[in-house]
Amino acid sequence: MSTTERTYIMIKPDGVQRNLVGKIIQRFEERGFKLVALKLAQASEEHLEKHYADLKGKSFFPGLIKYMASGPVVCMVWSGLDAVKTGRAMLGTTNPLQSAAGSIRGDFCLQTGRNICHGSDSVENAEKEIKLWFPDGVVQWTSALEGWTYE
Ligand code: RTP
């Protein structure tokens, strides 16, 4: 059992523009995950092509890159037990219409091409994505499990 598994979660430009940042962060916090890195970034098409390299060649790829470059994204690393698989479950399925109510996509959006968030699909890809989006590294927040309520 590892409580230190990390996943890369990104709020896409439509999620930022629709002011859903706080709600999405709140769900991960309330579930018990720890936020270990956070930034707002305007990604270049070149950078996004690296992130979505596996999808190069798909008919929707050019539109996906354009959409993802259309405004700032929120880049986050969340840590905790089974963070990758649970993070994906919290986001819902790729097509929001098939996402269960109670999932982020199931509650907040309607179309695959505007599905407001991204989550790593494996531990290996999570580590790759964390390196890509946080090239200077992520703070090892070992004190995250300690109480901060009292001095
Ligand atoms: P993500 O990587 O964004 O978390 O999404 P995912 O694993 O659920 O889905 P994936 O197949 O990796 O696709 C990445 C993103 O591309 C857009 N997409 N559009 N128009 C289409 O048929 C189509 N298919 C995928 C979505 O924004 C999807 O999240």
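Read-outs throughout are calculated quantities, based only on the coordinates presented, and are distinct from any laboratory measurement. All values reported here derive from a predicted model rather than from experimental measurement. Here the Cβ is made from the backbone with ideal geometry for all residues, glycine too, and neighbour counts use every protein chain on show.
The modelled label-to-label distance between residue 27 and residue 70, using points 7 Å beyond Cα along the C-beta direction, is 2.0 nm. For region 50-151, the set of trypsin sites (Lys or Arg not before Pro) satisfying both a DSSP loop assignment and a count of at most 12 other C-beta atoms within 10 Å is given as 56, 58. Projecting each Cα onto the charge dipole of region 6-139 (Lys/Arg +1, Asp/Glu -1 at the beta carbon, about the Cα centre), which of 21, 41, 102 comes out farthest on the positive side? Sorting the options by dipole projection puts first 102.
Excluding residue 74 itself, what net charge comes from residues whose Cβ is under 15 Å from its Cβ, given Lys and Arg +1 and Asp and Glu -1?
+2
Does region 6-139 come out rounded, prolate or oblate by the C-alpha gyration tensor, with a ≥ b ≥ c the root eigenvalues, rounded set by a/c under 1.5 and, if not, prolate when a/b is larger than b/c and oblate if not? Because its axes are fairly even, with a/c under 1.5, region 6-139 counts as rounded. Of the residues 32, 63, 87, which exhibits the maximal mean-square fluctuation in a Gaussian network model of the chain defined by a 10 Å Cα contact cut-off? Comparing 32, 63, 87 in a Gaussian network model of the chain, the most mobile one is 63.
Segment residue 94..residue 45, full-extension length gain: 15.5 nm, with 0.36 nm per residue of separation and the alpha-carbon distance subtracted. Legend: calculated FRET efficiency, residue 122 to residue 19, from the Cβ-Cβ distance at R0 = 35 Å, rounded to 0.05, equals 0.70.
The chymotrypsin sites (Phe, Trp or Tyr not before Pro) of region 56-148 that DSSP puts in a loop, and whose beta carbon has at most 15 other beta carbons within 10 Å, are 60, 141, 148.
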